[in-house]
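The next block holds one structure in the form of structure tokens; read it before the comments.
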């Protein structure tokens, strides 16, 4: 039985693709760099901004990464919350978990305040017990720092915690934290890519979680 369930956000609980694409495009334009296709950008969703910049430009210069992050956040402050939408069934899922006494958290590369704002706008902030954003950790996913920090906060053994995400990065983070992982197929990772890592289940969407009666009371 799981006492705590942690979720990734993008492509797991919700979709903020439009805001991310607009923010990345804005940042690259301001830096006089070519903008990749929407498809190329979506494949980076879930990565830290530093890794996103590296993936899209092939550059690793720290100063340029910091500039990219600044321009990204400049546009994200304008568009990210209004463009984000929770997936169908997510509010009901969070409500059900809350009623069962299962605590929940979000571990994401998005900024903490951004997630808080999205949850508030969608009236589900009371249903999420903890958030670890990309700005809350020194080492973003796939490093397990975010997951481990919530394991410590909730004060439970790894076997009683579950991480749910859509990407290989999420699977790697869960594996490194020695926490069970469930994958969802609402992102850009394929079943074959996800099966390369330990997965209890691979679900079509996160709301299917509640059908897994072996995990929950």
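The values are calculated or read from the model by the stated rules, or taken from the named source; none is laboratory data. Predicted model only: the values in this text are computed from it and were never measured. Positions of Cβ are backbone-derived with ideal geometry, glycine not excepted, and every protein chain shown enters the neighbour counts.
Residue 150 satisfies every condition listed in (1) outside any loop (DSSP other than H, G, I, E, B); (2) touching a helix residue (DSSP H, G or I) at 6+ places or on another chain (Cβ under 8 Å) except (2).
Being at negative phi, in contact (Cβ under 8 Å) with a residue 40 or more places away in the chain and not in a loop (DSSP other than H, G, I, E, B) is a condition met by no residue of region 122-132. Across region 3-13, the number of residues qualifying as farther than 16 Å from residue 130 by Cα and touching a helix residue (DSSP H, G or I) at 6+ places or on another chain (Cβ under 7 Å) comes to 1. What residue, of 54, 74, is assigned to a helix (DSSP H, G or I), under 18 Å from residue 134 (Cα atoms) and touching a strand residue (DSSP E or B) at 6+ places or on another chain (Cβ under 9 Å)? Step by step, each of 54, 74 is checked, and only 54 is assigned to a helix (DSSP H, G or I), under 18 Å from residue 134 (Cα atoms) and touching a strand residue (DSSP E or B) at 6+ places or on another chain (Cβ under 9 Å).
Just one of (1) in the same structural domain as residue 112 (by TED's automatic domain parsing); (2) outside any strand (DSSP E or B); (3) under 21 Å from residue 3 (Cβ atoms) fails for residue 216. It is (1).
Among the residues of region 186-213, how many are without any contact (Cβ under 8 Å) to a residue 40 or more places away in the chain and either in a loop (DSSP other than H, G, I, E, B) or over 19 Å from the mean Cα position of the chain (by Cα) (or both)? Quick ask: steps written out before the conclusion?
Looking only at region 186-213, we keep the residues that are without any contact (Cβ under 8 Å) to a residue 40 or more places away in the chain, and these are 189-204, 208, 211-213.
Then keep just the ones that are either in a loop (DSSP other than H, G, I, E, B) or over 19 Å from the mean Cα position of the chain (by Cα) (or both); that gives 189-190, 192, 195-200, 204, 211-213.
Number of matching residues: 13.
When we screen 60, 64 for residues that are at pLDDT 95 or above and either over 18 Å from residue 134 (Cα atoms) or touching a helix residue (DSSP H, G or I) at 6+ places or on another chain (Cβ under 9 Å) (or both), the only hit is 64.
For residue 188, the criteria (1) crowded, with 18+ Cβ neighbours inside 10 Å; (2) within 21 Å of residue 41 (Cα to Cα) hold in every case but one, which is (1). For residue 24, the test of being farther than 15 Å from residue 167 by Cα, in the same structural domain as residue 75 (by TED's automatic domain parsing) and touching a residue at least 24 places away in the same chain (Cβ under 8 Å) is passed. When the residues of region 82-95 are filtered to those that are at pLDDT below 95 and assigned to a helix (DSSP H, G or I), the one that is surrounded by the most Cβ atoms within 10 Å (Cβ to Cβ) is 83. Among the residues making up region 15-44, those that are surrounded by 21 or more Cβ atoms within 10 Å (Cβ to Cβ) and either touching a strand residue (DSSP E or B) at 6+ places or on another chain (Cβ under 8 Å) or not in a helix (DSSP H, G or I) (or both) are 16, 20.
Please specify each residue of region 153-170 satisfying the condition of being in a helix (DSSP H, G or I) and more than 15 Å from the chain's Cα centre (by Cα). If the condition is that a residue be in a helix (DSSP H, G or I) and more than 15 Å from the chain's Cα centre (by Cα), then 153, 154, 158, 159, 160 are the ones that fit.
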